[in-house]
Amino acid sequence: MKSLKAFLACGTLLAFANVAQAAQCEVTHWWTSGGEAAAVAEFAKAFESKTNHKWLDGAIAGGGGTARPVFISRITGGDPMCATQFNHGRQAEELVEAGLMRDFTELAAKENWAEIVRPRSLLDGCTVDGKVYCVPINIHSWQWLWLSHKAFEDAGVPVPKTWDEFVAAAPALEKAGKIPLAMGGQPWQTSGAFNVLIPAIAGKDIYLKVYQDKDAEVAAGPEMAKVFQAADAARKMAAKSNVQDWNQATNLVITGQAGGQIMGDWAQGEFQVAGQVAGKDYSCLPGLGVNELISVGGDAFYFPVSKDPEVTAAQDALASVMLAPDTQVNFNLKKGSVPVRGDVDLNAANDCMKKGLEILAKGNTVPDPPRLNTEDTNTQLNDLFVEFFKTPSMTPEEAQKRYAEIIASAD
Amino acid sequence: MATKAAGRPNQLFRNLNAKIASIPMIFTALVVFVGGTTWTIVYSFTNSKLLPRLRFVGLDQYERLWSTPKWLVSIENLLIYGILSLVFSVIIGFILAALLDQKIRFENTFRTIILYPFALSFIVTGLVWQWMLNPDFGVQQVVRNLGWESFTFNPLYDQRIVIYGILIAGLWQGTGLVMCLMLAGLRGIDEDIWKAARIDGIPMWKTYLFIVIPMMRPVFITTLVIIASGIVRLYDLVVAQTSGGPGIASEVPAKYVYDSMFLAQNLGQGFAASTMMLLTVAIVVVPWAYLEFGGRAKRG
Amino acid sequence: MAEAVLARQPKAGSRAEARGARPRPMLSRRNIVVYGTLFVVSVYYLLPLYVMVVTSLKGMPEIRMGNVFSPPLEITFEPWVKAWATACTGLNCDGLSRGFWNSVRITVPSVIISIAIASVNGYALANWRFKGANIFFTILIVGAFIPYQVMIYPIVIILREMGVYGTLTGLVIVHSIFGMPILTLLFRNYFASVPEELFKAARVDGAGFWAIYFKIMMPMSLPIFVVAIILQVTGIWNDFLFGVVYTKPDTYPMTVQLNNIVNSVQGVKEYNVNMAATILTGLVPLVVYFVSGKLFVRGIAAGAVKG
């Protein structure tokens, strides 16, 4: 009983301690893989060294699908954090409309975000009715095929340069006991891979017609049928892939147990943590080596409205730190993504990142599905594709029919 | 149950202290349970997305619900899991209880072993069984190492049988409870009945089947209600063991609700699905609760 | 039923012992069947525990080579240390230890408050029945079966309106609400089995509602309080859904932390650390279970079997 009292007393003390340091800024995010954690540590370091506030890390494991519900219920439940990650676009749309997010227009004007953030469309993703509500921190693109040199060496075939070569090499890989295509079992990974196949196989216009214009006829049309055939090939190659998390799948590629993986550029962080060198240990093919085009999406930080002036001050400070040139470089090098500022020095970038920068400079970009679809539509797509990839008996035609229905009902 | 305060006339201030003491209960019953459910049902007729809004769309959410493959798979899984776990846990639980009731040695040890999983959470249960059923290290590999090379038992990665993989874990966790309830029921049966049956020369299995089980009817009903309500809630176990996969093969309604509300940011759809769950529970529980607690208590 | 169970077991003399035929010679055919079956069943129930322990004591290379059942060649406690103290989620690398203290901080007040409320409720229902009490009680019991998912959002709103969302207080309220049905049932049945004469005599002496509760009922009901404590400690400790929805990373209970650690894969999945973390999380309810022994059995039987 005594120890219990002592313990309860401790708890109270702790609670007071929390009140005393109100400048703590709790930042919630879903970055828990090795590369991601290393990247977010850069933010925390910069924030704590440049300001007198403290970074309180609120990582939630299991990806955005697990973490976003928690963020949202906390914000709507009246217990907002200091800052939180979302992907830009429509994920936080309603929270902004309901006035739960802080307006950063003033700071954005003062620091001239409109000039420094590039491409402009990123800031547009943060803008609602002319007001800026979030800080874009990186550019992520999905359109990458990561290939393990070791796997292809073991199978005795050259490392492919395009998707078609990769498909052709699959039998050899399988013969050598490799999984041709590593694919995690989480729903977002399968639909992500499919969305990569669309511009690579059917081209940019079709992609935009389906996702931007929500044209159900195109979605049911012959061009998309080709994409579904490619997805059919992909799922056969991924049939033996028994992992859940994306980075477990990446790990199969790193260790040479799998030939390749379709995954966004964040996978790069994992190769880096494992000490692998681009071009020597692994290759990356943007746009699957077919259609060099990347989608522009990424992570952004939103700052819920707070009554505490100290938290508000911490929010302002954090927003500036996140966009500061050196933080941008350090963070993005670890994360494997591209900085949102065009004016920073990226000599330290590796081969893959440079490829990405080139494509970005050429303007070969499309918006990311999360920016075009509501989460409702994305979830429906996730469910459809995870079912398609894991159910061999489901025909591509059947999947396409349901796909077109989802597009038709999307808003 | 006695009817102590019942017979006399009631006034507002009679039993005032009792009424004050019951405020938390009344609050919970009316505000949380009745209020909360009504709220959910009302909003299931709206097109609320991320935030609840009163924009009524009639039965749209229900139409979409019943045309969504994931929901249909969830219902099918729940039916399979529900029926099998009901049947198996009652049968296994009863047999184990009957075995333990045979004046055996080490009764406490056996009971302890069978019941301990019940102390563990579903998260823990799911993780352990995920590991046990891991195709590369678990049961499948062990049997193969024993020489049966073609042995295949890989429920967590096989769509057709994944729900049975979850069932195995669920039974492991839950049969102990059923056994315990059954044992309590068996112990409540008068020794004289056994004596009489023995004198009449009725074989033991017949005594169990035709005399004891009918006498244990209340225990069975309670057990069924408890298991059934647990089944409808099935969530943590699936999340920890398979996350609904492979594909959508092990989705369950409770997960559909959570996913639609928070993941898909489509509250209306989630509310519609939870209303359907509520309906199921109501069909099972309300008649039972009415009989047991409805009017003034009838029996002791 | 519960009364039968509860009333009988304290006086263990009469028929707390097993029934059936008298003991027979050890090697009879019946005994072989009975003990054989129980033995096989026990293996099935014990295997997962064995596998957890064995896996948690192996190093990763050994896990990759062997199977889940092989005993460790080289025993290492590193996974345990890592699971408790250094496993990472994001930037927080303090393992389960933080979650453990949070769970304690959640469980202790929740258990006390929920039991205090429910015991008074049960007492009012059993001894001071007022008009309408049964209706509320029936709603409460039906409420116990409502899928939690139905209630998640309304409770977010209720907690927000009360201004306690995301706080420990909020979670304690949630646990008290959802513990109320079963506990109230438990106490109602127990108090109803207390001889009526005692209650009547106290009334004649002029004792009121609270006096009877504190001076007569509570001191008599120690066993049922113990049972309720066991039920609540294990139930609240094992909760995942409320923990994840109604708290924040700072105050995550151990189950949520466990799920986080298991799902934060950095490189390869460390099965040994995961299993050590799993055991650590299950340890508290397991200890409660093993220590309380028969009381636990009575607890769940009493909690589940209605009166």
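HN-Hα J couplings of the range C:69-84 from phi, Karplus 6.51/-1.76/1.60, θ = phi - 60°, integer Hz, Gly and Pro as x?
Using θ = phi - 60°, the values come out as 8, 5, x, x, 7, 10, 7, 10, 9, 4, x, 5, 4, 5, 4, 7 Hz.
Taking loop as defined by DSSP and a crowding limit of 13 other beta carbons within 10 Å, which chymotrypsin sites (Phe, Trp or Tyr not before Pro) in the range B:247-284 fit?
Numbers: sites: B:Tyr256, B:Tyr258, B:Phe262, B:Phe271; in loops: none.
Those that pass, being in a loop and sparsely packed, number zero.
Anyone know which of C:Val34, C:Val164, C:Val256 comes out most mobile in the 10 Å Cα GNM of chain C?
The residue with the greatest mean-square fluctuation here is C:Val34.
Roughly how tilted is helix A:64-76, in degrees to the nearest 10 and between 0 and 90, from the longest Cα axis of chain A?
On a 0 to 90 degree scale, this one is about 30.
Which loop trypsin sites (Lys or Arg not before Pro) in the range B:60-169, with loop taken from DSSP, have no more than 12 other Cβ atoms within 10 angstrom of their Cβ? Kindly include the intermediate steps, with their values, before the conclusion.
Numbers: sites: B:Arg64, B:Lys70, B:Lys103, B:Arg105, B:Arg111, B:Arg144, B:Arg160; in loops: B:Lys103, B:Arg105, B:Arg160.
Those satisfying the criteria are B:Arg105, B:Arg160.
Out of B:Leu30, B:Leu65, B:Leu79, any idea which swings most in a Gaussian network model of chain B, alpha carbons joined below 10 Å?
Taking springs between Cα atoms under 10 Å, the residue moving most is B:Leu30.
Treat the count of other C-beta atoms within 10 Å as a stand-in for reagent exposure and order C:Asp239, A:Asp129 from fewest to most.
Values: C:Asp239 27, A:Asp129 7.
Ordered by Cβ neighbours within 10 Å, fewest first: A:Asp129, C:Asp239.
Under the rule a/c < 1.5 gives rounded, and otherwise a/b versus b/c splits prolate from oblate, where does the protein assembly as shown land using the Cα gyration tensor? Mind showing how you got there, number by number?
Working: a/c = 1.99, a/b = 1.52, b/c = 1.31.
Since a/c reaches 1.5 and a/b is larger than b/c, the shape of the protein assembly as shown is classed as prolate.
Which of A:His149, A:His140 comes first, and how do the rest follow, when ranked by fewest Cβ neighbours within 10 Å? Write down the numbers at each step before the final one.
Working: A:His149 18, A:His140 21.
Lowest to highest Cβ neighbour count: A:His149, A:His140.
Which chymotrypsin sites (Phe, Trp or Tyr not before Pro) from the range C:64-146 combine a DSSP loop assignment with at most 14 other Cβ atoms within 10 Å?
On the way: sites: C:Phe69, C:Phe77, C:Trp80, C:Trp84, C:Phe100, C:Trp101, C:Tyr123, C:Trp128, C:Phe130, C:Phe136, C:Phe137, C:Phe145; in loops: C:Phe69, C:Phe77, C:Trp128, C:Phe130, C:Phe145.
Filter output for the range C:64-146: C:Phe77.
Non-local amide H neighbours of B:Arg53 (under 5 Å, H modeled in plane, Pro and chain starts lacking H): which ones?
Under 5 Å from the amide H of B:Arg53: B:Ser48.
Distance check, please: which entries in A:Lys204/A:Lys354; A:Lys50/C:Lys82; A:Lys240/A:Lys401; B:Lys206/C:Lys294 exceed 28 angstrom between their Cα atoms? Display every interim value, and only then the final one.
Numbers: A:Lys204/A:Lys354 22 Å; A:Lys50/C:Lys82 32 Å; A:Lys240/A:Lys401 26 Å; B:Lys206/C:Lys294 30 Å.
From A:Lys204/A:Lys354; A:Lys50/C:Lys82; A:Lys240/A:Lys401; B:Lys206/C:Lys294, over 28 Å: A:Lys50/C:Lys82; B:Lys206/C:Lys294.
Once whole DSSP H runs in chain B are found, which of them have Cα atoms spread over 30 Å or more along the helix axis and a mean Kyte-Doolittle score of at least 1.0? Write down the numbers at each step before the final one.
Details: long enough: B:69-100 (45 Å, 1.92); B:162-187 (37 Å, 1.60); B:267-293 (35 Å, 1.46).
Correct list, ordered by number: B:69-100, B:162-187, B:267-293.
Relative to the longest principal axis of chain C, what angle (0 to 90°, nearest 10) does the C-alpha long axis of helix C:294-304 take?
70 degrees
Which ³J(HN,Hα) values in Hz, rounded to whole numbers, follow from the phi angles of the range A:359-372 under the Karplus curve 6.51 cos²θ - 1.76 cosθ + 1.60, where θ = phi - 60° and Gly and Pro get x?
With the stated coefficients, the range A:359-372 comes to 4, 4, 5, 6, x, 7, 10, 10, x, 6, x, x, 7, 9 Hz.
Can you compute 3J(HN,Hα) from phi for each residue in the range A:265-276, using the Karplus curve 6.51 cos²θ - 1.76 cosθ + 1.60 with θ = phi - 60°, rounded to whole Hz and x for Gly and Pro?
5, 5, 4, 3, x, 5, 4, 5, 4, 7, x, 8
Excluding same-chain residues fewer than 8 positions from A:Lys131, which aspartates and glutamates have a Cα within less than 16 Å of its Cα?
A:Glu93, A:Glu94, A:Glu97, A:Asp103, A:Glu106, A:Glu111, A:Glu115, A:Asp316
Long-range amide H contacts for A:Cys25: which residues qualify at under 5 Å (H placed 1.01 Å from N, peptide plane, sequence gap of 5 or more or a different chain)?
Residues meeting the amide H criterion: A:Lys54, A:Trp55, A:Leu56.
At a 10 Å Cβ-Cβ cut-off, how would you order A:Thr374, B:Thr152, fewest neighbours first? Don't jump to the answer; show the numbers that get you there.
Numbers: A:Thr374 21, B:Thr152 10.
Listed from fewest to most nearby Cβ atoms, that is B:Thr152, A:Thr374.
Report, by chain and number, residues whose modeled amide H sits under 5 Å from the one on A:Asn242, excluding near sequence neighbours (fewer than 5 apart, same chain).
none
Every number here is computed from the coordinates shown, using simple stated rules; none is lab data. In this text the structure is predicted, and so the values were computed from the model without any measurement. Neighbour counts run over all protein chains shown; Cβ positions are idealised from the backbone, glycine included.
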